[in-house]
1. Answer yes or no: is there a residue in segment 54-68 that is buried (at least 19 other Cβ atoms within 10 Å of the Cβ), under 15 Å from the mean Cα position of the chain (by Cα), part of a strand (DSSP E or B) and among the hydrophobic types (A, V, I, L, M, F, W, C).
2. Just to be sure I understand, how many residues within segment 26-47 are in a strand (DSSP E or B), of a type in the set (A, V, I, L, M, F, W, C) and out of contact with any Gly (no Cβ under 9 Å at 6 or more places or on another chain)?
3. Any residue that is surrounded by 14 or more Cβ atoms within 10 Å (Cβ to Cβ) and in contact with a Cys (Cβ under 7 Å, 6 or more places away or on another chain) - is there at least one of those in segment 149-164?
4. Could we say that W220 is open to solvent by less than 70 Å² (accessible area, probe 1.4 Å), hydrophobic (A, V, I, L, M, F, W, C) and part of a helix (DSSP H, G or I) here?
5. Looking only at segment 26-47, count every residue that is free of Cβ contacts under 8 Å to residues at least 12 places away in the same chain and among the polar types (S, T, N, Q) and tell me the total.
6. Taking the condition open to solvent by 20 Å² or more (accessible area, probe 1.4 Å), of a type outside the set (S, T, Y), under 20 Å from N154 (Cβ atoms) and assigned to a strand (DSSP E or B), does M91 pass?
Amino acid sequence: MKIAHPFIQLPLKFDAARMAAEIAAIPESEWRPHPQNFPGNSMLPLVAVNGEPENESFAGPMRPTPHLERCPYVQQAMAAVGVTVGRSRLMRLSGHAEVTQHADQGYYWVNRVRVHIPVVTQPSVRFECGGHAVNMAAGECWIFDTWRLHRVINANDDQRIHLVMDTVGGEQFWNYVAAGRPQPGETPNGWNARNIGFDPDARAQLQLENRNLPEVMTPWEVETHLTFLLGEAGAHAQLGAVQKATTDFIRDWRGLWAAHGDNAAAKPFYRRRLQTFMEAVKAPASQITMGNEINLMGAILAMIGRVAVAADAPPRAAADAVVMFDRA
């Protein structure tokens, strides 16, 4: 998600040592390579589709994995952030490894913030975003602008572990963001972070995603995403051609929606119009770069082309969107 500052520290502070002890009890064999196979990067799924650690999908009910169920304080920390929880995991970076520079342009992250709680770290770990850098200290809570180019460098022999949650947020969360400490920027007078310690009598409650990818994207969402991308595009002689094809596509999509809504039987109509649009913009949009140095066509493909119409799938039973954990 694009936010106003490269980094914002939320006014929350966690017991990183307690969290690290819970994580250390999980066998090393449960850790997995990073999905993109970045050298020195590994991860441990905490919330995944149907609670299945091996499920890397972005579509479906997000549920706790067995790993999260073994970590009562991690559960409490996640609940304290006040969000509807999406895909979440522990992200580990070995000594002298890095997360290479990139921007998150996939559909899942368009309206989701990435929350970081450092668990095991050291002052030499540097998180860079939009030309600025911070060290996220153990137990702090941060968000950053995933739309800007960013990377992480671990210039130490020791590993780094962060708890990372992808979320659309929630009322309490956005209040924390409003009270946060932007970086770069001046620290607000009297700013401090509230300590969230472990409560042995507490029963953690997580509100979890049930809906994340559309069956058929509404015309309002189509227009929102495409208007955003065109606004991010740099000046180029081919931009007018992309704008014209986009306007025609939005108008036609609105007409299809008025006639069919998200009726599964109408998916072939939507798919044909989507394919026509993608073919029309492929050549001109491929020549255009956005402000974050990402190719416009690649972003249109990620935000619209791959997700505006979902693949047909058998219906799933409804699932409870709130998980209550028993007292630790």
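1. Yes, because at least one residue in segment 54-68 is buried (at least 19 other Cβ atoms within 10 Å of the Cβ), under 15 Å from the mean Cα position of the chain (by Cα), part of a strand (DSSP E or B) and among the hydrophobic types (A, V, I, L, M, F, W, C).
2. So the count comes out to 3.
3. yes
4. Against the criterion (open to solvent by less than 70 Å² (accessible area, probe 1.4 Å), hydrophobic (A, V, I, L, M, F, W, C) and part of a helix (DSSP H, G or I)), W220 does not qualify.
5. Total satisfying the criteria: 3.
6. yes
Conditions (1) surrounded by 16 or more Cβ atoms within 10 Å (Cβ to Cβ); (2) among the polar types (S, T, N, Q); (3) under 19 Å from M290 (Cα atoms), marked per residue:
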| position | (1), (2), (3) |
| --- | --- |
| R194 | no, no, no |
| G197 | no, no, no |
| P200 | no, no, no |
| L208 | yes, no, no |
| T227 | no, yes, yes |
| G231 | no, no, yes |
| H236 | no, no, yes |
| A245 | yes, no, yes |
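Okay, residues lined up against (1) closer than 22 Å to Y176 by Cα; (2) of a type in the set (S, T, Y); (3) open to solvent by 20 Å² or more (accessible area, probe 1.4 Å):
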{"residue": "V81", "(1), (2), (3)": "yes, no, no"}
{"residue": "G86", "(1), (2), (3)": "yes, no, no"}
{"residue": "G95", "(1), (2), (3)": "no, no, yes"}
{"residue": "V99", "(1), (2), (3)": "no, no, yes"}
{"residue": "A103", "(1), (2), (3)": "no, no, no"}
{"residue": "V110", "(1), (2), (3)": "yes, no, yes"}
{"residue": "V113", "(1), (2), (3)": "yes, no, no"}
{"residue": "H116", "(1), (2), (3)": "yes, no, no"}
{"residue": "T121", "(1), (2), (3)": "no, yes, yes"}
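The values are calculated or read from the model by the stated rules, or taken from the named source; none is laboratory data. Here the structure is a predicted model, which is why all the values come from computation and not from measurement. Note that we place each Cβ from the backbone using ideal geometry, even for glycine, and neighbour counts take in every protein chain shown. When the accessible area is computed, the model is the full protein with side chains, heavy atoms only, and any ligands, DNA or RNA have been set aside. Shrake-Rupley method; radii C 1.70, N 1.55, O 1.52, S 1.80 Å.
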